[in-house]
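Any read-out appearing in this document is the output of simple, stated calculations on the displayed coordinates, not a laboratory observation. Values in this document were obtained by computation on a predicted structure and should not be read as measured data. FYI the Cβ positions are ideal-geometry reconstructions off the backbone, even for glycines, and counts take in every protein chain you see.
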Amino acid sequence: MKKLNIIAAFVAILCFGMTKAMAQNTNPAITQFVTQYFPNATVQMVMPDDDDIDVVLNDYTKIEFRLNNEWKKVDCEHSTMFTAVPATLVPEQITAYMAANFPGAVIKKLEKKFRGWEIELNNGLEVKFNNSFNVIDIDD
C-alpha cells in the first residue's frame, strides 16, 4: 500500500511539473492575448496539436488558437472569474444583434470559423452568423 501511495504521489508531482512547464513555455503572442483580455487569469496549461493550440486558464476559461497564434475560440462557460466573453473580442455587428434580439443575455462562447461566427449564450441558445454577420441558424 505504501508503494502505491508513493507511486501516486510521484505521478501527481510529475503531472504538475509538466503542466507548469507547458504553461511557462507559452508563445509570447498567446501570453499577450491572455494578459490583454483576461488580466486576472494565468495560463494553466497549453496543449498544441496538429491543427491548433488549446490553452486553459487557471479559472477554467478555454481558448483555442490557430497555429499562426490567431485566436479561434473563447469559451468562458466554466470560468470562475469571467461571466462572459470579453466584449472587446465580440464584433460590433454581433453586439448590436444581441442588444436588439437578446437583451440581457451574455455570450459564453465565441468562435471564429472560416465561413462565419458562432456564439453560445448563457440561456443555451447557439447563434450562427455568416461572414457578413447575417444570422444563418439558431439552435436551442
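Structural remarks
- Strands (runs of 3 or more DSSP E) fully within segment 29-123 counting 2 or more residues that are over 26 Å from residue 137 (Cβ atoms): 43-48, 52-57
- Counted residues, segment 86-112 - those being in contact with a strand residue (DSSP E or B) (Cβ under 7 Å, 6 or more places away or on another chain) and exposed (fewer than 13 other Cβ atoms within 10 Å of the Cβ): 0
- Among the residues of segment 124-140, just one is of a type in the set (S, T, N, Q) and either part of a strand (DSSP E or B) or surrounded by 15 or more Cβ atoms within 10 Å (Cβ to Cβ) (or both), namely 130.
- Within segment 91-140, the residues that satisfy the criterion of being of a type in the set (Val, Ile, Thr) and in contact with a helix residue (DSSP H, G or I) (Cβ under 8 Å, 6 or more places away or on another chain) are 95, 107, 119, 127, 135.
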